[in-house]
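So the structure is just underneath, and the comments pick up after that.
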Amino acid sequence: MKSFKRRFNISGRLEDALNECDAQRLGLTRILVAGMLLVGLAFEDLQVLHHLPPTMARPNGIMTWVFHLGLGEALLSSPLALAGLKLLAATALICVLIGYKTRLALWLATPSLLLIGGLVRCMSTFHHSDHVLLLMLPILALSNCDQAYSLSHWKNKCLDQPESHSKNDAWAMFCLWALVSLCYFSSGISKLISGGGSWFDANSMRARMLRGGLKTIEYGEGGIVGAYNLPDGFFLAAACLVLSAELAAPMILVSRRLRKVLPCVYILFHGLVFWFQNILFFEFILLQFIFLWNKPSPLKAANESRRPNKLVLGATLSTVLGTLALAGFQRNYYPLTPYRMYVQAEAFPVRYERAFRRTNDGLIPLKAPPGPKGRKQIKKYLMRVANNCVLEPKASFCPGLIQVLSSQLGIQNPNSLVVRVSNFNRDGTTTLLGQHP
């Protein structure tokens, strides 16, 4: 009977979770989040946005207010302003990474990265890269995340000052756990609402996976191209396993065992998604380690009473409730999103786009250059070229898009860039829909 009560004692399980949340884990999370955002920032090429017409912008959420106030157009019209915004974000993130003036740096990084992410999405397509990391920044800013693994902590030790450990650290770390688990849970809900029965349809799952696997601009063809004829049972089992893992995500917060099992499942899941579909969620892979870190902390006081920081708890609840509300309507409101990752009903034929360089010997397939600059945006701009230059040509958009895509692919002569849009049919044949030029 005692074992039964313990198993279903949510308050006891919550206390166990808080005991695992300490200043060391919070400090490591700060380093991990800042490091991943720095890497992501290196892969952004903001100055190419200057070549795109402002009328192409599709602002969403708070970015509608940014453009309404004229700030969006002002930033897009000035390469110097875009470079300065990126420099501000990078400097702030470096300070966060090393733990110098951490709280000030976090409050500088949050709005600058919010603007950068919003501008990139406005001029390309809505995507989820770095999205959870951005939502974690305000929680870190409201916490004492520099009490371990930081210059401030090292300075206090050198001056023989007593180590401080806030009673709010545990709740701040728990709230960060909640944000990560929220993205999986919301994604699972979206699969049920937006995907519906199509999520469990084998042909729809094949088409959904091929939509990513046929995009070769970054990593070549995905593994699904050679495996789409696997039996229907394979795709049905994959659909059930993915949905079950995502809907189970909130259990991470109250189950110590699942805090060890589910992160490993998610790492495997993202690895398979990358192999099959060419979709790399590297930040989600690395974020699993905020659950797996399990070294006892000497900074944690035993049996201390913990009162959650009202600002931290309020910010987290607002994010969670707002995201879940958006999941019901399946709408994005930047910076919140219901994480509708590839959940729409799909069917054959599957449309895809490819980029080529025209030479005297014919067309040569193009891939992203090896450097990081602009790599995150290439796939998004290729999709816009396919839509606005091939399928639904828009004279005001196309020249800027071609110039930007050529620049990102390292092509000096934009006239040599050829973009083809094709359909992939169920029998493995392809049909050309059009090309530019």
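Name the one entry in 366, 401, 433 that is closer than 20 Å to residue 76 by Cβ and of a type in the set (A, V, I, L, M, F, W, C).
401
Conditions tested, residue by residue: (1) assigned to a loop (DSSP other than H, G, I, E, B); (2) over 20 Å from residue 50 (Cα atoms); (3) of a type outside the set (Val, Ile, Thr).
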site	(1), (2), (3)
322	no, yes, yes
339	yes, yes, yes
344	yes, yes, yes
351	no, yes, yes
356	no, yes, yes
364	no, yes, no
369	yes, yes, yes
383	no, no, yes
394	yes, no, yes
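Out of all the residues in the range 338-347, is one or more in contact with a His (Cβ under 9 Å, 6 or more places away or on another chain), crowded, with 21+ Cβ neighbours inside 10 Å and at positive phi?
Taking every residue of the range 338-347 in turn, at least one turns out to be in contact with a His (Cβ under 9 Å, 6 or more places away or on another chain), crowded, with 21+ Cβ neighbours inside 10 Å and at positive phi.
Filter the range 22-45 for residues that are over 22 Å from the mean Cα position of the chain (by Cα) and assigned to a helix (DSSP H, G or I) and give the result.
23, 24
Does the range 185-198 include one or more residues that are assigned by TED's automatic domain parsing to the domain that holds residue 316, under 30 Å from residue 134 (Cβ atoms) and charged (D, E, K, R)?
Checked against the condition, which is being assigned by TED's automatic domain parsing to the domain that holds residue 316, under 30 Å from residue 134 (Cβ atoms) and charged (D, E, K, R), the range 185-198 yields at least one hit.
Identify, from the list 57, 42, the residue that is outside the structural domain of residue 400 (by TED's automatic domain parsing) and within 30 Å of residue 151 (Cα to Cα).
On inspection, the qualifying residue turns out to be 42.
For the range 179-211, how many residues are surrounded by 19 or more Cβ atoms within 10 Å (Cβ to Cβ), at pLDDT 90 or above and out of contact with any strand residue (DSSP E or B) (no Cβ under 8 Å at 6 or more places or on another chain)?
Adding up the residues that qualify gives 20.
Looking at 281, 269, 234, 276 in this structure, which one is touching a His at 6+ places or on another chain (Cβ under 9 Å), assigned by TED's automatic domain parsing to the domain that holds residue 178 and among the aromatic types (Phe, Trp, Tyr)?
Being touching a His at 6+ places or on another chain (Cβ under 9 Å), assigned by TED's automatic domain parsing to the domain that holds residue 178 and among the aromatic types (Phe, Trp, Tyr) holds for just one of 281, 269, 234, 276, which is 281.
Among 87, 137, 97, which is the only one that is under 23 Å from the mean Cα position of the chain (by Cα) and closer than 23 Å to residue 186 by Cβ?
None of the others qualify; the one that does is 137.
Considering only residues that are in contact with a helix residue (DSSP H, G or I) (Cβ under 8 Å, 6 or more places away or on another chain) and crowded, with 18+ Cβ neighbours inside 10 Å, look in the range 421-437 and name the one that is farthest from residue 205 (Cα to Cα).
Out of the qualifying residues, it is 436.
Of all residues in the range 54-71 being touching a Leu at 6+ places or on another chain (Cβ under 9 Å) and modelled with pLDDT under 90, which is farthest from residue 285 (Cα to Cα)?
Per the stated criteria, the residue is 54.
Filter the range 413-432 for residues that are more than 31 Å from the chain's Cα centre (by Cα) and either of a type outside the set (Ser, Thr, Tyr) or closer than 16 Å to residue 391 by Cα (or both) and give the result.
Result: 413, 415, 427, 428, 431, 432.
Assess whether residue 305 counts as being of a type in the set (Ser, Thr, Tyr), modelled with pLDDT under 90 and surrounded by fewer than 17 Cβ atoms within 10 Å (Cβ to Cβ).
So residue 305 passes the test.
The values are calculated or read from the model by the stated rules, or taken from the named source; none is laboratory data. The structure presented is a predicted model; accordingly, all values stated were derived computationally and were not measured. We place every Cβ from the backbone using ideal geometry, glycine too, and count neighbours over all the protein chains shown.
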